[in-house]
Amino acid sequence: MAPKVVKVRELTELPLTSDEVLALCYPRPSEFELRSRVTELLELGVEELIFDGPVTIGKVPVVGKGCVGIVVKCRIGGEVYALKIRRVDANRDSMEYEANMLKLANSVNVGPRLVKWSKNFLIREFIEGEPIGRWIVYVRDEVALRSVLRELLEQCYRLDSIGLYHAQLSDPSNHVIIDCNQRPHIIDFETASTTSRKSNVTAVTQFFFLRPTEISKKVKSILHSSSNQEILAAAREYKRTRSRSSFSKLLKVLNLT
């Protein structure tokens with residue numbers, strides 16, 4: 001489906017029943033909500049919404065759809081960004097929490113760069129790529145797989161080091177994007193926590209190496225990783241100490257060094 005570009009100033013001219021308005025005010029458009037959100041977008045400097053992506057709202061394509069928001073592309077000053085739109089029925093009143101969590105992740109060079117945010121919108125760097133859940137299906141190259149998983153775990157370690165738990169990396173399939181340079185990007189910090197004692201490193205390790213799935217079987221086969229017992233012991237030691245030395249030992253056991 002070809003991308004559709006709509007100028008923000010023209011959104012109020014569309015009928016409430018249009019799919020573009022539905023995406024902006026999902027799932028319950030109203031005249032008040034539409035005008036309020038258009039004003040908010042203009043104050044953020046958003047010039048155009050670009051409807052493009054693998055998911056659809058009605059008949060318009062979008063980048064993503066979740067329980068908190070709809071993600072579309074937007075244009076500001078000639079640059080394209082990702083725009084997360086708070087759902088009208090979201091279980092939160094503002095995008096402030098997610099913006100703060102992403103800003104914290106950015107402080108250790110993790111996650112797409114936060115650009116701007118407001119009550120109903122979060123604007124961030126747009127990462128062109130595909131979810132790791134799809135990427136992992138066809139990857140065969142040992143060097144590429146090792147590089148991606150090592151970098152992903154390094155990012156997880158940096159998040160652990162500042163006490164930021166992502167909370168969705170126990171299945172990172174749709175929460176990590178692999179770009180054209182084979183670099184992973186962790187996205188979706190809406191449920192992140194700074195109070196949890198859980199570890200991002202061990203969550204990702206369990207998914208790719210310890211769960212009895214076709215994915216872990218494939219990963220361990222390509223990388224020739226150690227036994228589950230050795231991996232589990234190293235993961236537990238890391239979770240207990242959170243030290244760089246225990247993290248390095250885990251990488252070695254996973255054959256990611």
The helix 96-106 Cα axis meets the longest alpha-carbon principal axis of the chain at an angle in degrees, between 0 and 90 and rounded to 10, of 40 degrees
Which whole number of Å³ per residue matches the convex hull of the alpha-carbon atoms in the stretch 4-125?
-> 97 Å³
Using Cα pairs under 8 angstrom and six or more residues apart, how large is the relative contact order of the stretch 1-132, in percent?
-> 20 percent
Peptides 239-247, 186-194 ordered by average Cβ neighbours within 10 Å, highest first = 186-194, 239-247
Putting +1 on Lys and Arg Cβ atoms and -1 on Asp and Glu Cβ atoms, find which of Gln206, Pro172, His185 reaches farthest to the positive end of the dipole of the stretch 125-214.
-> Gln206
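Taking other Cβ within 10 Å of each residue's Cβ, how do Val204, Val108 sort, fewest first?
In order of increasing Cβ crowding within 10 Å: Val108, Val204.
Got the relative contact order for the chain handy, in percent, Cα pairs under 8 Å and 6 or more residues apart?
Reported relative contact order: 13 percent.
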Whole number please: convex hull volume per residue, Cα atoms of the stretch 129-254, in Å³.
-> 95 Å³
Counting only DSSP loop positions in the stretch 106-204, the trypsin sites (Lys or Arg not before Pro) whose Cβ has at most 10 other Cβ atoms within 10 Å are Arg140, Arg197
For the stretch 5-69 the trypsin sites (Lys or Arg not before Pro) that pass both the DSSP coil test and the at-most-15 other-Cβ-within-10 Å test are Lys59
Built amide H within the under 5 Å cut-off of Val5, gap 5+ = Phe51
Alpha carbon centroid spacing (whole Å) that separates the stretch 109-128 from the stretch 194-213 | 25 Å
Among the GluC sites (Glu not before Pro) in the stretch 6-107, which ones are in a DSSP loop with at most 10 other Cβ atoms within 10 Å of the Cβ? Mind listing them?
-> none
After finding the eigenvalues of the alpha carbon gyration tensor for the chain, what semi-axes result from the square roots of 5 times each, listed largest first in whole Å?
-> 38, 19, 14
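Every number here is computed from the coordinates shown, using simple stated rules; none is lab data. In this text the structure is predicted, and so the values were computed from the model without any measurement. All Cβ positions, glycine included, derive from the backbone under ideal geometry; neighbour counts span all protein chains shown.
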